[in-house]
Amino acid sequence: MAEKTDVSEAQIASHWKEEDYYPPSAKFIAQANMTDEGIYERFALENVPDCFKEYADLLDWYKYWDEILDTSDAPCYKWFKGGLINASYNCVDRHLAKNRNKTAIHFVPELEEEKVDHVTYQELWVRVNEFAALLQDFCGLKAGDRVTLHMPMSAELPITMLALCRLGVIHSQVFGGFSGKSCADRIVDSGSEVLITMDAYYRGGKLLDHKIKADEACEEAAKQGQTVKKVLVWQRYAGKHSAETPMVEGRDFAVNELLKNYYGKRVEPVKMPAEAPLFLMYTSGTTGKPKGCQHGTGGYLAYVTGTSKYVQDIHPEDVYWCMADIGWITGHSYIVYGPLALGASSVIYEGIPNYPDAGRCWRIAQDLGVNIFHTAPTAIRALRKIGPDEPAKYDYEFKHMTTVGEPIEPEVWKWYYNVVGKGKAAIVDTWWQTETGGFLCSTLPGLRAMKPGSAGPGMPGIHPIVLDDEGKEVPDGQGKAGNICIQNPWPGMFQTIWGDRDRFVRQYFERYCKDPNSKDWRDWPYLTGDAAIIAEDGYVRILGRIDDVINVSGHRLGTKELESAALVVEEIAEAAVVPVKHDIKGVEPDMYVALKPGYEASDAIADKVQKALVEEIGPIAKARKVWIVPDMPKTRSGKIMRRILAAISNGTDVGDTMTLANPEVVEAIKKMA
Ligand code: WT7
């Protein structure tokens, strides 16, 4: 048995074999927004930052900028300095001349018997203006103020965001599934005096009381010293309060009531400096309190508009559906700001993908004529598990599909491609982070072939590099992994952590900074925190967070590789690997798997999983135990909670499970131990 040794990230072994290329179809290429090979040359490292003028020019500026990148406060950069711009104007007003009658937002309620709300650009403009007038007049909000939103998926959510940025107010939307307490932490950190929420929303067929979380949030924020002066409550059914929790006199106001006073009001968009903050998006790292990633106006908007055009391939006539929640960065960048800046029709779905049955997503796609579809591997695996043959029953045609959020196992990728995409859609695997505002690595779908399991090369103007622990470059094509960094700044990157510049520098730049006093961006590579391998063709394969790597007898195995190997087994729908303490090996992997419908748990299936681990990776990867579980414990956003599985495997306390989407499965799994 090998002895446990310390090895660096650079020695993480790679066992996941390179897959074959899938070229995009001629039909896709013929209509693609970007088929000019020259884009990579124009956005080469030596042309950074000037190349990003091309993205800035997709926007309308009140005053054109005079300096593309100000590095005087590196690594806090200012993009498009001197420019004046408004995001609300760019996402709404500028489309009226040609497209006022076009749908901006298709809001799909979870209940199928309720009508889809098709909000045209004209209607969006009216509603954004009236609500902006209310925010300005009734709440006294002005540029630079922060407002916390705790809203479910609804048309009112982007309306609220666009009304706030029309005034230059910084919004901070908290994912609706989060608790009142999480909302409070974000209210306090951002110093918000106004909270905007909704009384209720549907999830899994139930009308949830969401207003109660506002009460909890205000109470907890007050304890922490931040008073919320006004709570604005949108109504799920206008004219009616749909929550059991009552309104608090003098603090809570029904938006629909107040709006009557602002009928017909119009508010000129405030001409904001390009570097003014547009919004905060909190992200909870593995340790410490949540960080408010601060995104700027001009740089962020330029970057998400450019990438929506060239990677998402959005044309004005497309119907685009990103199934993420707007409470995550994916929703901000690729449901709201990017698509609307391009004048697209963006679908917002209130509920869960499998309500009331496994065909729901495909019915929505069919009925609205969705042709661009965007989701995450966790949803793809879930849809494959509950209805592997459902897509074929519906008459829709995707030209383009996206995967985002975690590495996608090649087996799952192939189901997405063949069954959901019916072999016709181009797929982009987009690797990026809350911090980065938009995509870092992806194929440009009209220019580069897809490769299952690989995100693809750096985006134009994004120059990734893999560094070892000593800061030496790990060359491409050697199958060696390390810390993936970005060598240069780009307009979408966050400006700082709200109120904590030191943490921003420490966490993302200190490790590889060549000179802490330097004003030259070349001295400040951005540390993503992910482990990755760059293949000979320049395609990047993300192995996951550096911290998620399992070290068995000194062999560092990416959890994702093990999970991917298990998914090669026909019966397996989902897999999760966790480390179990072992005296000699340090840790051993425990493998949790959930089966596709119609299969029964058996020793034979567990043996097949072990065999796959050995065959795909090697004997070192053999699991201590294969657990065939009824379902994985998951967060409300669908991420598998490996922490809980690890606690069960190691016989430690599983902690609080009440925030899970399915706390009952934890009890069921514990009984198997
Ligand atoms: C982390 C960022 C990207 C917006 C939503 C998640 C992982 C993200 C991919 C991908 C492999 C991916 C990384 C990254 N990740 N996309 N296509 N392939 N891994 O944003 O919550 O800030 O998470 O998600 O580990 O660092 P986030």
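The values are calculated or read from the model by the stated rules, or taken from the named source; none is laboratory data. These numbers come from a predicted model, not from an experiment. When we count neighbours, we look across all protein chains shown, and the Cβ atoms used for this are built from the backbone with ideal geometry, even at glycine. These area figures cover heavy atoms from the full protein model, side chains too; ligands, DNA and RNA do not enter into them. Shrake-Rupley method; radii C 1.70, N 1.55, O 1.52, S 1.80 Å.
A few notes on this one:
- Hypothetical label at residue 27: residues of the stretch 406-426 whose amide nitrogen lies under 20 Å (7 Å Cα-Cβ projection): 414-426
- Think of a 1.4 Å ball rolled over the protein heavy atoms: the stretch 587-631 then has 48 Å² of accessible area per residue.
- log₁₀ of I(q)/I(0) at q = 0.08, 0.15, 0.17, 0.21 Å⁻¹ - the stretch 519-673, Debye sum with one point per alpha carbon: -0.26, -0.84, -1.04, -1.45
- In the chain, helices alone account for a calculated mean residue ellipticity at 222 nm of -7000 deg cm²/dmol, with every DSSP H run of four or more residues adding -39,500 (n - 2.57).
- Normalised size of the stretch 611-673, defined as Cα radius of gyration per 2.2 N^0.38 Å with N residues, equals 1.25.
- Antiparallel %, DSSP beta bridges [both residues in the chain], to 5: 60
- Phi-based couplings in Hz for the stretch 416-432 (Karplus 6.51, -1.76, 1.60; Gly and Pro marked x): 4, 5, 7, 9, 5, x, 6, x, 10, 8, 6, 10, 10, 9, 9, 9, 6
- Gyration tensor verdict on the stretch 39-124 (Cα atoms; rounded if a/c is under 1.5, prolate if a/b is larger than b/c, oblate otherwise): prolate
- Calculated FRET efficiency for the pair residue 545/residue 100, C-beta based, R₀ 45 Å, to 0.05: 0.50
- Nearby aspartates and glutamates by direct alpha-carbon distance to residue 399 (threshold 18 angstrom, same-chain neighbours under 8 apart not counted): 313, 317, 318, 367, 429
- Segment residue 366-residue 115, length gained on full extension (0.36 nm per residue, minus Cα span): 88.8 nm
- DSSP-assigned coil residues among GluC sites (Glu not before Pro) in the stretch 557-592, each with at most 15 further Cβ atoms within 10 Å: 570
- Simple spin-label estimate for residue 34 and residue 137 in nanometres, 7 Å along Cα-Cβ: 4.4
- With Cα atoms defining each centre, the stretch 495-566 and the stretch 181-209 are spaced 32 Å apart in the structure.
- Virtual spin-label span in nm between residue 602 and residue 394, 7 Å along Cα→Cβ: 3.3
- Dipole axis of the chain (+1 Lys, Arg; -1 Asp, Glu on Cβ), positive-most option in 489, 549, 154: 154
- Of all DSSP bridge pairs formed entirely within the stretch 565-643, close to 75 percent run antiparallel.
- Close amide H pairs (under 5 Å, H built 1.01 Å from N) link residue 438 with 433, residues at least 5 positions away or on another chain.
- Spin-label model, residue 520 to residue 53: label points 7 Å out along the Cα-to-beta-carbon direction sit 2.3 nm apart.
- Cβ-based net charge around residue 156, under 13 Å, with every Lys or Arg adding one and every Asp or Glu removing one: -3
- A full extension of the chain between residue 469 and residue 639 corresponds to an added length of 58.3 nm, given 0.36 nm per residue minus the alpha carbon distance.
- The chain - convex hull of alpha carbons, volume per residue in Å³: 152
- Carbon plus sulfur fraction of accessible area for the chain, probe 1.4 Å, in percent: 49
- Cα lying deepest toward the dipole's positive end in the chain, options 666, 621, 407, charges on Cβ: 666
- Over the C-alpha atoms of the stretch 346-426, the Rg to Rh ratio, Rh being the Kirkwood estimate, stands at 0.91.
- Total charge dipole magnitude, the chain, about the Cα centre, Cβ charges on Lys, Arg, Asp, Glu only, Debye to nearest 20: 960
- Working note: Cα gyration tensor of the stretch 379-473, eigenvalues times five, square-rooted, sorted largest first, giving semi-axes of 29, 15, 11 Å.
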